[in-house]
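Scroll down for the structure; my scribbles are underneath it.
The values are calculated or read from the model by the stated rules, or taken from the named source; none is laboratory data. Keep in mind that what you see is a predicted model, and the values were worked out from it rather than measured. Ideal geometry is used to build each Cβ from the backbone, glycine not excepted, and the neighbour counts take in all protein chains shown. Side chains are part of the model used for accessible areas, which takes the heavy atoms of the whole protein and leaves out ligands, DNA and RNA. Shrake-Rupley method; radii C 1.70, N 1.55, O 1.52, S 1.80 Å.
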Amino acid sequence: TDAKKFINRLLADFALITVKTEHGEFVSTTLSIGATAVQPLDNIEHVWKRADKLLYQAKEQGRNRAVFG
């Protein structure tokens, strides 16, 4: 629950950031997150693969979102 609250706040805060391009234009930013918890029998490779899969699910669903799993 705390991790989800933190991630949702991070998404909201990140969406407020604008970046000035080399042409003087301001563009908005978004963030995609795949988040997973470490399970008792996991090794780091399993965790990274699971998080990476979730990240791509978030990207497929649209901008500025997180997928938890």
Check your understanding: Which one is most open to solvent (accessible area, probe 1.4 Å) among residues in the stretch 34-54 that are farther than 19 Å from Leu10 by Cβ and not in a helix (DSSP H, G or I)?
Key -> Leu41
Exercise for review: Check off (1) open to solvent by 70 Å² or more (accessible area, probe 1.4 Å); (2) assigned to a helix (DSSP H, G or I) for Ile7 and give me the number that stays unchecked.
Suggested key: (1)
Check your understanding: From the set of residues in the stretch 10-33 that are β-branched (Val, Ile, Thr) and under 19 Å from Gln57 (Cβ atoms), which is most open to solvent (accessible area, probe 1.4 Å)?
Key -> Thr30
**Study point:** Given (1) within 10 Å of the chain's Cα centre (by Cα); (2) of a type outside the set (Phe, Trp, Tyr); (3) at pLDDT below 95, index of the condition Ala3 fails
**Key:** (1)
